[in-house]
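Heads up, the thing below is written out as structure tokens.
The values are calculated or read from the model by the stated rules, or taken from the named source; none is laboratory data. As the structure is a prediction and not an experimental result, all values here were calculated from the model. Virtual Cβ from ideal backbone geometry, glycine too; neighbours counted across all protein chains shown.
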Amino acid sequence: MKTRDRLRIAMQKSGRLTEPALDLLNRCGLSFRQSRDKLFLFGEGEPVDLLLVRDDDIPGLIAQGVCDLGIVGRNVLNEFKLSTTGLEAEPLNEWRPLGFGRCRLSIAVPQELDYEGPQHLEGRRIATSYPGLLGEWLRTHAVKAGVVTLAGSVEIAPKLGTADAICDLVQSGGTLVANQLRETEVLLESEAVLAGPLTLPVDERGDMLELLLKRLDGVIQVRE
Ligand code: PRP
Ligand code: ZN
Ligand code: MG
């Protein structure tokens, strides 16, 4: 692949992380102008550009070297790491937690179901978009359950009868309440993170990243 001299960061095109991610980068002194196709944001001062994509695609874009970094939920990053273990993929690193987009990956069951612990899930079907993280948790707790992988609308699976429980992100808890579900186990505390390869490129991009990390640390400290 042809080397780039500008740092390229992948981020969510539209969703909960988009606004706070842009806000954070602005506080780091970066400003952008949008391309006509709305896929790119060109850095105006510093040599840093943004690629706007689906959040689930971000780890793969970094692993392939299409982007140098990404702003993505720890849930998406860790799921990607699990789905690529054993494969010859570029290992990814969580460079910084960013302090926004906080949520948790949890197991939830229908409100009327009694739940006394992980063993209660033995032999049941659990719907999720995170088969890697759920599978790891089930192994840790020595529970054998069926994993039903869905790309979205996981919360309606119990009502449809396609699963007995779900494993999905919870932020306010509103989705669970609306679907008469109750949270029983927290598998992962998540937030937006700066993700990248394990080692920095040894060129202008590496220098720019070092500068960006310094600024991020300043901005995040001030906010806390
Ligand atoms: C997540 C998750 C739940 C909802 C939980 O979906 O899948 O549906 O948020 O949030 P709450 O506890 O505040 O109700 P999101 O809206 O991020 O979109 P997606 O499922 O399409 O990725
Ligand atoms: Zn998503
Ligand atoms: Mg959802």
Matching entry among Val66, Val147, Val143 (being out of contact with any helix residue (DSSP H, G or I) (no Cβ under 6 Å at 6 or more places or on another chain) and more than 16 Å from ligand 2 (Cβ to nearest atom)): Val66
Residues of region 97-148 classified as hydrophobic (A, V, I, L, M, F, W, C), on the phi < 0 side of the Ramachandran plot and not in a strand (DSSP E or B), total: 10
Candidates Val193, Val177, filtered to the one that is surrounded by 19 or more Cβ atoms within 10 Å (Cβ to Cβ) and either assigned to a helix (DSSP H, G or I) or not charged (D, E, K, R) (or both): Val193
Condition broken by Ala163, with the remaining ones in (1) assigned to a loop (DSSP other than H, G, I, E, B); (2) aliphatic (A, V, I, L, M); (3) under 23 Å from the mean Cα position of the chain (by Cα) satisfied: (3)
Where Glu189 falls short, out of the listed (1) within 16 Å of ligand 1 (Cβ to nearest atom); (2) out of contact with any strand residue (DSSP E or B) (no Cβ under 9 Å at 6 or more places or on another chain): (2)
Only one of Glu210, Glu116, Glu122, Glu185 that is away from ligand 3 (no atom under 15 Å from the Cβ), in contact (Cβ under 8 Å) with a residue 40 or more places away in the chain and not aromatic (Phe, Trp, Tyr): Glu185
Members of region 100-133 that are at pLDDT 95 or above, among the hydrophobic types (A, V, I, L, M, F, W, C) and out of contact with any Lys or Arg (no Cβ under 7 Å at 6 or more places or on another chain): Phe100, Cys103, Leu105, Ile107, Leu121, Ile126, Ala127, Leu133
